[in-house]
Amino acid sequence: MILTVSRGLNSIAQFFTLLLVFLFVCGITWLATRYIARLQQGAVASGNMELIEAFQIAPGKYIQIVKVGEKYLALAICKDTVTLLAELHEDEVKLPEKKELVSFKELFEKAIKRTDKDE
């Protein structure tokens, strides 16, 4: 009788220990992801280069329009090479419309409202 109670408590202790380790690993992963995202965002926003458009023509092969300084360049990007195709004039480039970023909170609230209406 005492052995079965002891085994039950041991199983519960193992479960909660495993749960704590899992939550700890998830927290560390979340923090690392946020840190890396901030580094990437700072690197992209502070430069003189901007990717305007990319088009995949084959697996691993792209044509990209890139703004470098005040010049627009058409580049062929392959696995091992980057080739300048042409320099484009500003009036030849149709800039994509800037999309407004939507927060996850807003999307989640919209999803909740939709599910409430369905019920």
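Exceeding 26 Å between C-alpha atoms, which entries from my cross-link table qualify? They are Lys61/Lys110; Lys71/Lys99; Lys71/Lys98; Lys67/Lys99.
Lys61/Lys110
Taking neighbour Cβ counts within 10 Å as the exposure measure, how do Tyr62, Tyr35, Tyr72 sort from fewest upward?
Ranked by crowding around the Cβ, least crowded first: Tyr35, Tyr62, Tyr72.
To test your reading of the geometry: what angle, between 0 and 90 degrees and rounded to tens, separates the Cα axis of helix 2-45 from the longest principal axis of the chain?
Roughly 20 degrees between the two axes.
In degrees between 0 and 90, to the nearest 10, how far off the longest principal axis of the chain does helix 104-118 point, with axes built from Cα atoms?
That works out to roughly 70 degrees.
Name the most mobile residue of Thr83, Thr17, Thr29, meaning the one with the largest mean-square fluctuation, in a Gaussian network model of the chain with Cα contacts below 10 Å.
Highest fluctuation among the options: Thr17.
(1) 13, 39, 34, 12, 2; (2) 14, 54, 31, 1; (3) 10, 18, 21, 20, 15, 8, 5, 2, 0: which one is P(r) over Cα pairs in 10 Å bins from 0, in percent as calculated from this entry?
(3)
Summing -39500 (n - 2.57) over the DSSP H runs of n ≥ 4 in the chain and dividing by its residue number, what mean residue ellipticity at 222 nm do you reach, to the nearest 500 deg cm²/dmol?
Mean residue ellipticity at 222 nm (helix-derived): -18000 deg cm²/dmol.
Computed from the coordinates by the stated procedures, all read-outs in this text should not be read as laboratory data. All values reported here derive from a predicted model rather than from experimental measurement. Note that we place each Cβ from the backbone using ideal geometry, even for glycine, and neighbour counts take in every protein chain shown.
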